[in-house]
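Notes follow once the structure below has been shown.
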Amino acid sequence: AMAVLRALGPWLCLWALRLPAGTGAAAPGLDIASYRERVRAMFYHAYEHYLESAFPYDELRPLTCDGQDTWGSFSLTLIDALDTLLILGNVSEFQRVVSVLQEGVDFDIDVNASVFETNIRVVGGLLSAHLLSKKAGVEVEVGWPCSGPLLRMAEEAARKLLPAFQTPTGMPYGTVNLLHGVNPGETPVTCTAGIGTFIVEFATLSHLTGDPVFEDVARKALKALWKNRSDIGLVGNHIDVITAKWVAQDAGIGAGVDSYFEYLVKGAILLQDKELMSMFLEYNKAIKNYTKFDDWYLWVQMYKGTVSMPVFQSLEAYWPGLQSLIGDVDNAMRTFLNYYTVWKQFGGLPEFYNIPQGYTVDKREGYPLRPELIESAMYLYRATRDPTVLELGRDAVESIEKISKVDCGFATIKDLRDHRLDNRMESFFLAETVKYLYLLFDPDNFIHNDGSVFDAVVTPYGECVLDAGGYVFNTEAHPIDPAALHCCRKWKEEQWEAEDLMREFYSPKKNKKFTLKRAADYGEGESAKDPEDASSEKGGEKRSSKKSLHSLLSCPTQSFNSKLAVLGQVFLDDT
């Protein structure tokens, strides 16, 4: 157990930077405890109204006090909010919700689901809750964390997504039907983030269950994007997963691309994978060379590097947090302060902000209570203890309460200029926005553990280190304990070895030697290979041969006489 903890040490403290919990100066006159309690109250105002008015639908409609299904009819807000309950200290409600989900969520339904959204929200939320179950006082079964009902649910959901990866390139379709697979005639065009945002959840699944198929498909998709980057080192916004031809060629760090870069870094931390980190660092050089101007990041043509759109998107606000994870804190703070000026101008981040004009972009004036700038604030405060970062948290609480709070929850802000509201509260408000705000104001939370304390759990398969800190958040803010990935390896290797011995014993060819290919360094051997070579591997041979059908896309495509496709909406030339 101690050997595992020592091995994880450099990664566990990467974003915590080994700062003692509860230390550091607050902004003058800012009462951290008071704001923490206000954030707690925000959570319960939204959560309780979801339960009263919207459950079992995916999301709350706060203006009409009812619910709607949006991403697949999974009671999504409940799954997304589950680990937030524990972070707020509510173990009894966590336990109740775990029972509700086990009884009520069914993935054998005839629904077209976003592969990307189902992975980050459902698979990620269930995995996180599974790994936090013991801490939350749930009575776990023998073999945990290598087994358990929430892990089985996460695996079932992930298996429903696997048909999407059955393409010539290994890059997945954007949508899959949970009952039938990929629908015939499905568009093959998927956004870059919809291809490169699986390694955190899928590698965790592979390490916990012992089935390498999940990590295999996630790695193959990552490497396919890497192989198809431009000569100047950039990737575009949408690509054809059959032909590997770029359909939308705008390169940037925002919508349609964002979490691909995020998962290269977080995958490297989670798996201690130098190859993934080296891929990101190469991208980072190109991003700085071609898209960075005065600590802003613009959109450029991926082959030429010429500016195509001088805009800042609210989804780009994750970038300072990501920079802090790789130790580039100075650049992170400068970019964060740029983004914070936009927040102060409008009381939120508009979806698109024209940098030269210093104002919103037509039809993109809304703020759906996104978490990205608050997420960056949490990381940067852990890294710097700069009180300016806390001021953003204060301003976020004040703005959201003043503009967005309604009787039945918190409503999306349709237009930051006049504060008109829209009848939607996305599940990420409870999964991410509230969680990052709370963690910003709660320096003693268990999530911030710097590795100085940990729990050595004795399982039937050996001793396992858990709760040592260094949690890696997926892109929906579901924390994954990296130490848990080391808990199940010994058991699985011994199980495979026993299976191979039995096959050898019963094989008619007594002299045949069996090679244990799934064993000791599963998940590590790939990191020594060159990314270009690895991308051409036939990694799909062991995957299911079930015929793929086709469905509707997470990042839907239109006719691409457009500048940039974002979240299924397209910038046409006349906008």
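The values are calculated or read from the model by the stated rules, or taken from the named source; none is laboratory data. This one's a predicted model, so the numbers in the text were calculated from it and none came from an experiment. Heads up, the Cβs are rebuilt from the backbone with ideal geometry, glycines too, and the neighbour counts pull from every protein chain shown. These area figures cover heavy atoms from the full protein model, side chains too; ligands, DNA and RNA do not enter into them. Shrake-Rupley method; radii C 1.70, N 1.55, O 1.52, S 1.80 Å.
Before moving on, here are some points about what is shown:
- Yes/no for ILE287 being crowded, with 17+ Cβ neighbours inside 10 Å and free of Cβ contacts under 8 Å to residues at least 60 places away in the same chain: yes
- Residues that are more than 20 Å from the chain's Cα centre (by Cα), more than 23 Å from TYR353 (Cβ to Cβ) and open to solvent by less than 30 Å² (accessible area, probe 1.4 Å) within segment 237-284 comprise ILE239, ASP240, VAL241, ALA244, TRP246, listed in sequence order.
- Selected residue (only one of PHE410, PHE428, PHE352, PHE446 is surrounded by fewer than 20 Cβ atoms within 10 Å (Cβ to Cβ) and within 24 Å of the chain's Cα centre (by Cα)): PHE446
- Assessment of segment 286-294 against the conditions (farther than 30 Å from GLY393 by Cβ and of a type in the set (Lys, Arg)) yields no matching residue.
- If only residues of segment 371-396 that are more than 23 Å from the chain's Cα centre (by Cα) and within 12 Å of GLY347 (Cα to Cα) are counted, the one that is most open to solvent (accessible area, probe 1.4 Å) is ARG394.
- Residues in segment 202-227 that are touching a Ser or Thr at 6+ places or on another chain (Cβ under 8 Å) and free of Cβ contacts under 8 Å to residues at least 60 places away in the same chain were compared, and the one that is surrounded by the fewest Cβ atoms within 10 Å (Cβ to Cβ) is LEU225.
- Scanning segment 53-105 for residues that are free of Cβ contacts under 8 Å to residues at least 24 places away in the same chain and in contact with a Cys (Cβ under 9 Å, 6 or more places away or on another chain) turns up ALA54, ASP66.
- Residues in segment 325-348 that are out of contact with any Gly (no Cβ under 8 Å at 6 or more places or on another chain), assigned to a helix (DSSP H, G or I) and either open to solvent by less than 10 Å² (accessible area, probe 1.4 Å) or among the basic types (Lys, Arg) (or both): LEU325, ARG334, THR335, PHE336, TYR339, TYR340, VAL342, TRP343, LYS344.
- Of all residues making up segment 370-387, the number that are of a type outside the set (D, E, K, R), part of a helix (DSSP H, G or I) and within 23 Å of ASP415 (Cα to Cα): 2
- In the condition set (1) modelled with pLDDT of 95 or more; (2) part of a loop (DSSP other than H, G, I, E, B), SER73 is compliant with all but (1).
- Residue list for segment 295-316, restricted to those being closer than 16 Å to ASP328 by Cα and surrounded by fewer than 20 Cβ atoms within 10 Å (Cβ to Cβ): ASP295, TRP296
- Pair list, Cβ under 6 Å, 6 or more apart: segment 397-418 residue in a helix (DSSP H, G or I), other residue open to solvent by less than 10 Å² (accessible area, probe 1.4 Å) and modelled with pLDDT of 95 or more: SER399/GLY348; ILE403/ILE413; SER404/PHE410; SER404/ALA411; SER404/ILE413
- If the condition is being more than 22 Å from the chain's Cα centre (by Cα) and either in a strand (DSSP E or B) or not acidic (Asp, Glu) (or both), then segment 76-110 contributes GLY89, ASN90, VAL91, SER92, GLN95, ARG96, SER99, VAL100, GLN102, GLY104, ILE109.
- In segment 40-71, the residues that are open to solvent by less than 10 Å² (accessible area, probe 1.4 Å) and either within 22 Å of the chain's Cα centre (by Cα) or closer than 13 Å to GLU426 by Cβ (or both): PHE43, ALA46, TYR47, TYR50, ALA54, ASP58, GLU59, LEU60, PRO62
- Members of segment 111-165 found to be more than 15 Å from VAL176 (Cβ to Cβ), in a loop (DSSP other than H, G, I, E, B) and among the aliphatic types (A, V, I, L, M), listed by number: ALA136, VAL138, VAL140, VAL142
- Scan of segment 431-443 for residues that are over 15 Å from HIS478 (Cα atoms) and either open to solvent by less than 10 Å² (accessible area, probe 1.4 Å) or of a type in the set (Phe, Trp, Tyr) (or both), ordered by number: LEU440, PHE441
- Some residue of segment 104-112 being in contact with a Phe, Trp or Tyr (Cβ under 8 Å, 6 or more places away or on another chain), over 21 Å from PRO371 (Cβ atoms) and open to solvent by 10 Å² or more (accessible area, probe 1.4 Å): yes
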